[in-house]
Structures are given as C-alpha cells and as structure tokens.
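Written below as structure tokens is the structure these notes are about.
What follows is calculated from the coordinates using simple rules that are stated; it is not laboratory data. Everything numeric here is computed off the predicted structure, so don't read it as measured data. Methodologically, a virtual Cβ is constructed for each residue, glycine included, from the backbone with ideal geometry; neighbour enumeration extends over all protein chains shown.
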Amino acid sequence: MARYRTMLELLLSVGILFKGCDSDVKCRNDNGKEVDWYILYKYPKDGNDGLRYLYMDESTNGWQVSNVAINSASGTLANTLKPLLDFYDRKSEGFGYMLYSDQPPSPKHASSSYGHSKGVVMLDKQTGVWLSHSTPRFPKYRTKDFWPTSGAANAQTFMCVTYSYETFMDIGLQIQYIHPYSYDYDIPTTFHNELRCVAQRDKCYPTKEPWFRVKTLTSVHGRKFTSIAKYTRFGDDLYSGLVVNTLKNDLYVKSWGKMQTNASLPSNCGPIIPHDVYNVESIKIPKTKITFKDTSDHSKWCVTCVGDWTCIADLNRQKSQMKRGGGALCIENYTVAEAFRDMIDSYEECKQPRVGAQTREL
C-alpha cells in the first residue's frame, strides 16, 4: 500500500510539473483552443451591431463566420487575452505584456512622432503572442471589459501569431523600427531587453541606416512569417516603397479611405516601376450581399495580385504616414491570399498602367 501511495504521489507530482510547464500565452479561437495563428475581420456597423466577425486559421480553409460577438467573454479575443485579464486580478511571476497604439485609450495621448501602429504583446518564458490590429483604443486600460464602444463603427482586422519566448528578441527589434506608443506594460527585468526598452519608451529606436528591417519569424508550429518594419526616417510609403520590393509582386492594398483627397496616395503605377500598387475601394463579404466602402473600413492589409502572399499591416497609404513608423506581418499561404482577394469588390485603376501588370478579374 505504501509503495502504491508513493507511486501515485510521484505520478501526481510529475503531472503537476508538466502542467506548470505548459504555457497559457497562446493565440486561441472561439472555443478556447490554442492555435498557431489566426486572422479576424470585423464587419463595420452598416445595418448590424458592428460586432460580427470573420475568422480564419490554418484549419478553416478560408473564412468562417464567428457565432459570437467580438466583445464576447467567450470569443477569440477574450480567450487570447485571458492571461492579461487574469494578470490584472492577480499578478503572477514570469508573465509580461505590452500594449501599444497611436490611438490609445483616454486619457493617454500619442504624439505623431510615434509609429502609426497598434498591437498587444504577451509572453512568459515559454511562449507568447504578438497580436497586431487596427482598432483605436483597444484594448481598454486595465479592465476586463476590453472592447471599446467606439470599436463597433468601422471594419477592423486582427492577426495573432504564437511564438516561442526566444523569438521575442527579434520581435522586440522589429517593434523598435515601428517605434510605437506603449501605453501600458509590465515586463520582468529578466525578459528580453529589446522588448523592455521599447515598452518603456526609453529612446529605443534605430540610429543608423537602413531605416527598415525585414525578418523571418517562425511560429511555435514552424510556420514562417515575414515581418516588414520601417522607421520614420525611411521616408516612403510602406507598400510601394518597401512591401512590393520584399514580396516582388503587384499589390492590392486596403487602407482607411476616410482621408482628405489631397492627403491620400493614388494607386502607384507606371511604365518604369517594377510593381504596381492598387488601392482597394470597396469590400464584399463572400457568400453574402454585404458590401462596404473603404470609408467605413479602418483595416489595413494587402494581398499580392497573384500568388500566395497576404500582409496585415498598420499604415495607410497617406502622404503624412510616409514619415511615420509602421509595419506589416506577411503570410505565404494561397488559401489566405484567395480569401482576401475574394473580398475585393473594386479598386482604383492606374492612370498609366504598366505593361504586364498582374491584376485579375474581380
């Protein structure tokens, strides 16, 4: 009996040890199941409550309509943010986070000298997530009621990827080029300094050329993503000046359309440039009659006109944003690219189309 009890105690202790080594800091779907990565596309408030969203990950074979609202306590965002929301109640050792946004929750205010970028970084010493998005004032400051009321109005995108702890040294360097406004953080001193200094807004940014950085980031399940980041001194459009040169392909770009006409950049085409950039003007939700214009879609993304590349980004095609930091996270996956191309309802034609341009029939 004593031998049996000893064996049982040993098994229990091993089980507890392995459970303790399992990280909770991972991207999670509506069911709370961990996933390597996901992309969300929230509908605008056009004839609905503005809280519905499309969901996609490696297993969905394209878009799926979520059965819960984006602000639901049982939805994808809440499930992913749970380690952070729990941390507000009970600070646990070995957990760190940074929230950044050029439009932070009130009363915070970000100077235009910071990058035009929004995101969430959470990690422990095993895994972490980098959740980039386009929603102003998300997540709200230190409350479990994470979704801002203003978030319902426009369409928005979110991209979450789960990485190993070691990858966050490179992620910290990428974020330094973006130079975002960190409005809340708690990162242990034993964590990567590349991340801590940018969270503290401690003069942590590039000091010499090149004023951009392109890095392959590998997820915990081995999926390779290309992170493209530019510092303010790069001085050019993210898409026509950097992304096309990295992906070597023509692009459709979806950015915020509610800007003054003379402030936005037109579709970038011509006989002498190697790749064209077309501004997406309206969106359609596949298998529905729902369409909306870029003036009610605050998302920022691009997809190659042909091929397999899609990027979730944080900058608009706007003259003033040529001088601001920002970036894009790109995935090479034909199913993802087709899902985004199928959403394009119309785009701005080029006044001087290049011979051999790669546009396709929509």
For the chain, convex hull of alpha carbons as volume per residue, Å³:
151
Could you check which residue among Glu93, Glu349, Glu166 shows the biggest mean-square fluctuation in a GNM of the chain with a 10 Å Cα cutoff?
Glu93
Using +1 at the Cβ of each Lys and Arg and -1 at the Cβ of each Asp and Glu in the range 163-259, identify which of Cys197, Ile228, Tyr165 lies farthest towards the dipole's positive end.
Ile228
Using a 10 angstrom cutoff on alpha carbons, build the Gaussian network for the chain and name the most mobile of Tyr97, Tyr252, Tyr88.
Tyr88
Let me know the charge dipole size of the chain about its Cα centre in debye, to the nearest 20, where only the beta-carbon of Lys, Arg (+1) and Asp, Glu (-1) is charged.
600
Please work out how many pairs of lysine residues in the range 165-307 are eight or more positions apart (or on different chains) and have Cα atoms closer than 12 angstrom.
6
As straight-line cross-link partners of Lys33, the qualifying aspartates and glutamates (C-alpha separation under 14 Å, not fewer than 8 residues apart within one chain) are Asp22, Asp24, Asp57, Glu58
Let me know the number of lysine pairs in the range 52-192 closer than 16 Å at the Cα, not counting same-chain pairs under 8 apart.
8
